[in-house]
Amino acid sequence: LRYVIVATREKQEELRAAQKKKSGSNPVKNNPWLRSLASFQSRMHWRSHFIQKLETQPSLECQDQCLAFSNLRRQPGDFNQQYYDAWCEGRTGFPFVDACMRCLIRCGWVNFRMRAMLVSFATYNLWLDWKKIAGHLARVFLDYEPGIHYPQLQMQAGTTGINAMRVYNVTKQGKDQDPNGIFIRNFCPELKDVPMEYIHEPCNMPLNVQRKVGVRIGGSGGNRYCITDAMAS
């Protein structure tokens, strides 16, 4: 704990020194580097805020911040083990989601937007309880920090009661963040030969094209990409 406190203080001092060195006569609004430093400073503030918040409210690890959502995604039949397993393993049939999860499993890290998208997809599209997915993400995050983990899970799952719903269009995210499908092809090698026009939505690929590239959309096992027709839809 002492190391973390000292390291944080030292990093803040380095940040202030860098800001002073870079500032000169240029205001922050006209200096991209200073804006980046200010953004980093803000992130450090919120990091400490959320760590302290969990320290003072440890119940955030096991119950919804807004208790009105206590029954959300916890009704009989809500939890789907098949969907959960597919999400954990990166085989949902949604290429960008699967690529992000496989990257996370292999490397232990993806950026914030992709983490938020994975949680949003699990909680809204697959209707999985954030408590159910918390353990898997905690195990694969190389930089797992409980104080960040549980508030962010609840924020993305919409159970804080103070944040707007954050529902990601995962197909649009793929097209925006990986327009040429390079990331998808790297982490989903079964899609490496899929034509560009279908890389983000292989469910639209005609059967003759599927045969040509050796990918079967629907079903499970072998080179069949989508695990169920229901999930593909």
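The values are calculated or read from the model by the stated rules, or taken from the named source; none is laboratory data. Note that the structure is predicted; figures quoted are calculated from it, not measured. Quick reminder, even Gly has a Cβ in these numbers, built from the backbone with ideal geometry, and neighbours come from all protein chains shown. These accessible areas exclude ligands, DNA and RNA; they are computed on the full protein's heavy atoms, side chains included. Shrake-Rupley method; radii C 1.70, N 1.55, O 1.52, S 1.80 Å.
This table checks each residue for (1) among the hydroxyl-bearing types (Ser, Thr, Tyr); (2) over 29 Å from LYS175 (Cα atoms); (3) within 12 Å of the chain's Cα centre (by Cα).
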residue	(1), (2), (3)
GLN57	no, yes, no
CYS66	no, yes, no
ASN80	no, no, no
GLU145	no, yes, no
ALA157	no, no, yes
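Is there a residue in segment 58-74 that is open to solvent by 50 Å² or more (accessible area, probe 1.4 Å) and over 28 Å from ASN125 (Cβ atoms)? Steps first, answer last, please.
Initially, segment 58-74 is screened for residues open to solvent by 50 Å² or more (accessible area, probe 1.4 Å), giving 58, 61-63, 65, 67-69, 71-72, 74.
Okay, now just the ones that are also over 28 Å from ASN125 (Cβ atoms), so 58.
Checked against the condition, which is being open to solvent by 50 Å² or more (accessible area, probe 1.4 Å) and over 28 Å from ASN125 (Cβ atoms), segment 58-74 yields at least one hit.
Between a residue in segment 168-191 that is closer than 17 Å to VAL213 by Cα and any residue that is open to solvent by 70 Å² or more (accessible area, probe 1.4 Å) and outside any helix (DSSP H, G or I), which pairs come within a Cβ distance under 8 Å, given they are 6 or more apart or on different chains?
Within 8 Å, the pairs are ARG185/LYS192; GLU190/ASN223.
Could you please give the count of residues in segment 152-169 that are of a type in the set (S, T, N, Q) and either farther than 30 Å from ASN71 by Cβ or part of a helix (DSSP H, G or I) (or both)?
Step one: filter segment 152-169 for residues of a type in the set (S, T, N, Q), giving 152, 154, 156, 159-160, 163, 169.
Subsequent filtering for residues that are either farther than 30 Å from ASN71 by Cβ or part of a helix (DSSP H, G or I) (or both) retains 152, 154, 156.
The qualifying residues number 3.
So in segment 170-221, with the set limited to residues that are modelled with pLDDT of 95 or more, of a type in the set (Val, Ile, Thr) and part of a helix (DSSP H, G or I), which one is surrounded by the fewest Cβ atoms within 10 Å (Cβ to Cβ)?
Result: ILE182.
Within the bounds of segment 24-35, is there any residue that is open to solvent by 80 Å² or more (accessible area, probe 1.4 Å), modelled with pLDDT of 95 or more and part of a loop (DSSP other than H, G, I, E, B)?
No - not one qualifying residue is present in segment 24-35.
Restricting attention to segment 104-118, which residues are part of a helix (DSSP H, G or I) and open to solvent by less than 10 Å² (accessible area, probe 1.4 Å)?
At the first step, the residues of segment 104-118 found to be part of a helix (DSSP H, G or I) are 104-107, 112-118.
Answer for segment 104-118, where residues must be part of a helix (DSSP H, G or I) and open to solvent by less than 10 Å² (accessible area, probe 1.4 Å): LEU104, ALA116, MET117, LEU118.
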